[in-house]
């Protein structure tokens with residue numbers, strides 16, 4: 001077998017050692033179970049469910065809304081109902097099939113326009129629409145982002161590479177225990193005639209949070225260094 | 001929207017009054033100093049996945065520790081089967097506040113999600129949910145089980161751990 005063929009059939013690289021942090025994660029979990037703080041079965045069920053989550057359904061929802069004006073109306077007026085069309089049932093699809101925590105029930109889809117840009121934050125902690133968007137990125141959890149985006153949204157968006165003209169209003173939506181948000185961005189020029197699959201590919205997680213806008217050539221999130229917040233919230 | 005979330009101000013005031021003990025915990029300090037982070041491991045082994053394989057387990061632990069109606073499965077149960085809120089649980093918003101403080105003051109140089117994990121262990125020890133020595137013993141058990149023969153949780157390390 002030539003080297004080229006060998007490379008094609010080589011297994012994906014994997015980390016071949018156990019880290020102290022991996023040991024710590026397991027030890028903390030097992031002690032919590034031993035102390036009766038939760039059961040192993042509950043942990044397994046929730047973990048299995050969490051492994052199914054990611055940003056693909058939210059990207060699909062946006063792509064469908066771009067192609068279908070009626071679906072867009074539904075999405076903006078009733079995000080929970082519109083989510084059913086992309087396979088996310090906020091009410092009945094949780095691991096017990098018996099409803100869902102109240103803080104997962106209200107998804108709102110924020111429609112951008114050429115003169116209005118939405119961006120999402122959780123200033124209290126790091127609430128995030130996980131059922132339709134998966135796990136939050138590191139920067140979304142940081143006090144740096146949470147404190148600054150509400151005060152200097154244009155500056156923070158510019159740090160993400162999104163320079164907005166002054167005539168575009170920026171609206172920051174603060175997530176809370178009752179409401180979670182995703183952004184429905186403006187469909188970019190240059191995507192005329194694209195299929196739903198093609199459109200969904202350019203709706204990245206960052207576009208759905210609102211710190212980026214879709215571009216025909218961009219299908220990945222921009223890497224962003226994470227910095228400490230230097231001032232307390234009241235400064 | 002208001003520039004400062006009044007709920008955060010109230011939370012900050014309440015939590016600041018609790019005087020969280022942010023002093024270092026020796027056992028966790030050893031892990032912080034010697035533990036290999038996913039950032040290093042993934043670079044060394046050429047792995048693309050940005051998150052370690054245990055990240056979702058950690059998130060699940062945090063969710064399952066959530067107090068009362070924030071517990072993800074608790075609220076899903078029929079009303080008569082739900083657990084009552086317990087003081088032993090760790091409220092999600094309080095945990096995140098504590099994680100922010102610990103990240104800012106103690107685990108600043110630790111990458112994510114390792115610092116989330118250290119902060120959770122720190123919070124649980126300081127709340128008395130388990131002791132430092134208990135955790136040391138459990139680390140040894142897990143380490144042995146995973147065949148980590150040269151780990152840092154050997155008998156002499158446990159015997160040097162006084163509290164718990």
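The numbers here are math on the coordinates, done by the rules we state, and not lab data. Note that this is a predicted model, so its numbers are computed, not measured. Virtual Cβ from ideal backbone geometry, glycine too; neighbours counted across all protein chains shown.
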Exercise. From the Cα gyration tensor of region B:1-42, with a ≥ b ≥ c the square roots of its eigenvalues, which class applies: rounded if a/c is under 1.5, or else prolate if a/b is larger than b/c, or else oblate?
Worked result: oblate
Problem set entry | Within region A:54-209, percent of DSSP bridges classed antiparallel, to nearest 5 | 10 percent
For this session: Going by C-beta contacts inside 10 Å, put B:139, A:124, B:58 in order with the fewest on the left.
Result: A:124, B:58, B:139
Exercise. Does region A:165-208 classify as rounded, prolate or oblate by the C-alpha gyration tensor (a ≥ b ≥ c root eigenvalues; a/c under 1.5 gives rounded; else a/b over b/c gives prolate, otherwise oblate)?
Worked result: oblate
Exercise. When chain A is treated as a GNM, springs tying every alpha-carbon pair under 10 Å, which of A:22, A:111, A:192 comes out with the largest mean-square fluctuation?
Worked result: A:22
Problem set entry | Burial ordering of A:145, B:8, fewest other beta-carbon atoms within 10 Å first | B:8, A:145
Exercise. Hey, what did region A:54-209 get for relative contact order, percent, Cα under 8 Å, at least 6 apart?
Worked result: 33 percent
Seminar exercise, completed: Most fluctuating of A:154, A:108, A:29 in the GNM of chain A (C-alpha, under 10 Å) is A:29
Seminar exercise, completed: Mean-square fluctuation maximum in Gaussian network of chain A, Cα pairs under 10 Å, restricted to A:165, A:129, A:214, hits A:165
For this session: Answer rounded, prolate or oblate for chain A, using the Cα gyration tensor with square roots of eigenvalues a ≥ b ≥ c: rounded when a/c is under 1.5, else prolate when a/b is larger than b/c, else oblate.
Result: rounded
